[in-house]
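First comes the structure, then the notes that go with it.
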Amino acid sequence: MLSIVDLQARIAGKTILNGIDLEVRPGEVHAIMGPNGSGKSTLAQVLAGREEYEVTAGRVDFDGRDLLAMPAEERARAGLFLGFQYPVEIPGVNNVYLLKAALNAKRRAAGQPEVDAYEFLALVREKMRIMQMNESFLSRGVNEGFSGGEKKRNEILQMLVLEPKLAILDETDSGLDIDALKVVAQGVNTLRHPERAVVLVTHYQRLLDYVVPDHVHVLARGRIIKSGDRSLALELERRGYDWLLESKVA
Amino acid sequence: MSALPSQGAGSSPALRSLETIWKARAADGLSAQRAESMRRFLALGLPTIRDESWRYTNLRRISGREFVAPAAGTEATSAPALSAEVAVLLEGLAPAASFTLVDGRPVPWPSLDALRGALEAASLRDLLARHPAEIAPALRAPRDEDAARWSLLNAALFDDGLRLRVSSPLPAPILVLRVPGAAGAESIVHPRVLIEALPGASATVLELHVGTESAALANSVTRLELGRGARIEHYRVFAGADGAAFLDSLDVVQEESSECRQFTVALGGGLVRAHLDAHLAGRGARFEGHSLAAGSGTRQVDCVTVATHDAPDTTSTQTARAIASGTSRVVVNSKVTVRPGAVRAESRQSCRGMLLSQGAEIDARPQLEIYADEVKCAHGATTGRLDPDMLFYLLSRGLDRATAQSLLVFAFLADVLIGMSAGGTRAAIENALIGQLPDATTLRNFR
Ligand SMILES: Nc1ncnc2c1ncn2[C@@H]1O[C@H](COP(=O)(O)OP(=O)(O)OP(=O)(O)O)[C@@H](O)[C@H]1O
Ligand SMILES: [Mg+2]
């Protein structure tokens, strides 16, 4: 579904991604871990189509399409979803209208008619129940005045409404209390499907207790330096990253 | 008229032609005040970009012209049909009373019998002929002659317009529609509208200025007088073709405990100079001035709002939002003066601009002068571009770039739009604004 080969990218003259290789197949959950500043968010943003990053080498194939040739909005409509590490507040743009516009953009791209107003509301209500979100969030500005945890729930709500083929969730678990973590994990698990895949960027093993990954990767200095199964996350939790970084140098 | 200073070789064709128009006019009951106004106007001359309050507005397109008074016999006797563009602005509006000024002259209006005891209307031409003394006090010189010099010219040359007197709360808005008629582009008209809200009365007034390429230049003045405890919500909207020019001055005088909420919306025309002078003369008077200035193409918009606190416990709020695309230039300048004795005055000013193209310019400037004690004044100004993080967020959700950009622009303007309480008016203005943004159809669904 997603095939990344030797992806390199830089910003402000500084190379951040140093040759990423990653293969994500339908139905899989991948976790990407790694020290602060290693390039995890950069990878997520480059995949989502942020233009400020300059891709200097590599190829990315998404569902048989050349992902890097598509603008951000097309990638979204093709079924790629980025859950932001720091969701931006957009006062004056209504949360529910954004949801509806996003869903309709996707439907139009798929040749489907716009969603019926009642159907849409029913759909959103159902997803909000899963996320245990109060309906008052619908009428507010996008993320406007939301707490850190509420912003993350809102990201997952959007994901559930849009039902992407590939969800890249950048530290969606950071800043969540224990109950919220379970809710978010449940949201992610709701999306799991043999035809869909999830990439979780996280610092904590805790989330992986609830959303069990098939593969765990360590990203450091813009490269994936180690991959393994679930047990790698447990080992990282115990030992940190130093042993990996040292062995790399040696 | 020999008392007038004669203009030297440096004077522009426009100024000379205005002097000619002045000399040709017949005397009336206000001749003394008019002469004084004209003397001051000629002494100041036409503003140039060297004048502080005109720095950003190039009036070359006006100063190079030779104006004439509208030819006799061009006066309209009925309201002309409205263009589709203007009709959109009036959609959903159910006014209590409507007045149409064609080239500055009111055409006969429908009977106001249903509003007897609440609203009275008179044409200024009638009042000038019969009771000029009733108009004289409203011709008082503006506080800032430099910025308001066109209103001096209006005081000298106006010969028609409207006086509305509101004596109790009105159930629906009053519409004053200003449209061009047969007077050609070489002529200049000086319409004047006086709106008096007597003590305890309240009204919503929408003044819609419509311009066309071939229209006479309108140098209009509106004066709002609010008696004790009176309330006025006033809208002035400028719309029309790129070739149209508007020079408009709005004077607001507020007595004790009165409340004025004013919205200035510049949507069209090639040149819009919208001046506003609010005088908070009575204790506890409250003034709100909100401007929405949309520049596109080569349009120049210059919104200057001045609130003068002249009594204790007065409050003023000014919000200005400017957007500019193409090579347009937009100025939103808001000024607060707190005069000695205006203790416990409170003011807030927020001027923000959003640039939508490389070639556009915005000047968003709050100014503050305080000469009294115990006052609370806050102000802020920013000008920037579309926030790249916000834009990327919307794109990453699959929205078209044009839709995303327009949404963000619209959200930026929302601070002012939200304050508009005249439902139909707000919807109409939103509609017209959206119409100027890319991807209007999708945006309409967003409301
Ligand atoms: N716009 C930018 N300009 C300059 N440097 C940048 C920019 N964006 C990212 N970087 C740098 O790229 C590196 C990788 O940043 P990135 O946000 O991808 O790290 P991360 O792995 O997500 O870290 P964290 O775990 O703290 O979220 C950092 O050193 C960061 O400072
Ligand atoms: Mg990060």
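Compared with the dominant principal axis of the Cα atoms in chain A, helix A:178-191 is inclined by about 80°. Label-to-label distance, residue A:214 versus residue B:84, with points set 7 angstrom from Cα along the beta-carbon direction: 5.5 nm.
Just want to confirm a number: the relative contact order over chain B, from Cα pairs under 8 angstrom separated by 6+ residues, in percent. Spell out each step's value before the answer.
Details: 1166 pairs, mean separation 45.1, N = 447.
Normalised by residue count, the contact order of chain B is 10 percent.
The stretch B:386-432 and the stretch A:24-103 have their alpha-carbon centroids 24 Å apart.
Considering only B:282, B:216, B:202, and ranking their Cα positions along the charge dipole of the stretch B:7-282 that arises from unit charges at the beta-carbon of Lys, Arg, Asp and Glu, the one farthest toward the positive end is B:216. Once the dipole of the protein assembly as shown is set up with Lys and Arg at +1 and Asp and Glu at -1 on Cβ about the Cα centre, which of A:121, B:77, A:136 lies farthest towards its positive end? Selected residue: B:77. The ellipsoid equivalent to the alpha-carbon distribution of the stretch B:7-282 has semi-axes of 28, 21, 19 angstrom, derived from the gyration tensor eigenvalues as √(5λ) and listed largest first. Taken about its Cα centre, the protein assembly as shown carries a charge dipole of about 440 debye when Lys and Arg each add +1 at the Cβ and Asp and Glu each add -1 at the Cβ.
Label-to-label distance for residue B:116 and residue A:112 is 6.4 nm, based on points extended 7 Å past Cα in the beta-carbon direction. When the Cα gyration tensor is reduced to axis lengths a ≥ b ≥ c, the ratio a/c is 1.5 or higher for the stretch A:105-206, and with a/b not above b/c it is classed as oblate. Checking the cross-link pairs A:182/A:226; A:127/A:165; A:40/A:127 against a 22 Å limit on the alpha carbon distance flags A:182/A:226; A:40/A:127 as lying beyond it.
Quick one: Cα centre-to-centre distance for the stretch A:172-244 and the stretch B:202-231, in angstrom? Rounded to whole Å, the Cα centres lie 63 Å apart.
Evaluated with a Cβ-only charge set (Lys, Arg +1; Asp, Glu -1), chain B carries a dipole of roughly 300 debye about its Cα centre, given to the nearest 20. In the elastic network of chain B, a GNM with C-alpha springs shorter than 10 Å, the most mobile of B:175, B:157, B:391 is B:391. Under a Gaussian network description of chain B, with springs only between Cα atoms under 10 Å, the residue in B:283, B:228, B:25 that fluctuates furthest is B:25.
Pick from B:51, B:302, B:277 the residue whose mean-square fluctuation is largest in a GNM of chain B, springs joining Cα atoms under 10 Å. Looking only at B:51, B:302, B:277, the biggest GNM fluctuation is shown by B:51. Which is farthest toward the positive dipole end of chain B among B:189, B:104, B:179, measuring Cα position about the Cα centre, with Cβ charges +1 (Lys, Arg) and -1 (Asp, Glu)? Ranked along the dipole, the leading option is B:189.
In a reduced charge model with +1 at each Lys and Arg Cβ and -1 at each Asp and Glu Cβ, the stretch A:37-86 shows a dipole moment near 160 debye about its Cα centre. Note on residue A:231 and residue A:3: their simple-model spin labels are 3.0 nm apart, each label 7 Å out from Cα toward Cβ.
We did not get these values from a lab; they are worked out from the coordinates using the rules stated. Given the structure is predicted, the values throughout are model-derived calculations rather than measurements. Virtual Cβ from ideal backbone geometry, glycine too; neighbours counted across all protein chains shown.
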